[in-house]
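These notes are about the structure you will find just below.
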């Protein structure tokens, strides 16, 4: 029995081809799974964003409702009545703003405010960071 180098080479090439096919199939499957995971993550993120937006609108509506309750229950005159009227007006306008603008509108307004006034924004951020660090250390 003589060794047949061309037969051995063909077997090696066949094994290599099957290994490459198997690797290609594994890669295709991995890409498909990754694509499915990315789609699911995108759907979840969209759902969370929609719920946050809806919650913001609900908070705005609740603030407006609370403003109406304060107006109904608070005294109509005097110092307490004036303070209650001011609080109710602030709640009403803030609630209307949240309900109309939503979370994305608030984020845009915050970005604009920070761009217009960067130094006070940084100082406020540093102050809040200091307060949070102080609270968590205690």
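The numbers here are math on the coordinates, done by the rules we state, and not lab data. What you see is a predicted model, and the numbers here were worked out from it, not measured in a lab. Reconstructed Cβ throughout: ideal geometry from the backbone, glycine too, with neighbour counts over all protein chains shown.
Each helix, a run of at least 4 DSSP H residues, gives -39500 (n - 2.57); summed and divided by the residues of the chain, these come to -34500 deg cm²/dmol at 222 nm. Taking other Cβ atoms within 10 Å as a rough exposure proxy, 132, 103 sort from fewest to most as 132, 103. Compared with the dominant Cα axis of the chain, that is its longest principal axis, helix 78-116 is turned about 30°.
Axis angle, to the nearest 10 degrees, between helix 118-137 and the longest C-alpha principal axis of the chain: 80 degrees.
Angle between the Cα long axis of helix 5-73 and the longest principal axis of the chain, 0 to 90 degrees, nearest 10? Taking Cα atoms only, the helix is inclined about 10 degrees. Take every Cα pair under 8 Å whose residues are at least 6 apart in sequence, average their separation, divide by the length of the chain, and the relative contact order is 21 percent. If you take volume of the Cα convex hull per residue in Å³ from the coordinates, which of (1) 117; (2) 277; (3) 165 do you get? Structure-derived value, by its label: (2). GNM remark for the chain: springs join alpha carbons under 10 Å apart, and the peak mean-square fluctuation among 52, 107, 23 falls on 23. Taking 0.36 nm per residue of separation and subtracting the Cα-Cα distance, full extension of the segment from residue 73 to residue 58 would add 3.2 nm.
Under a Gaussian network description of the chain, with springs only between Cα atoms under 10 Å, the residue in 68, 60, 78 that fluctuates furthest is 78.
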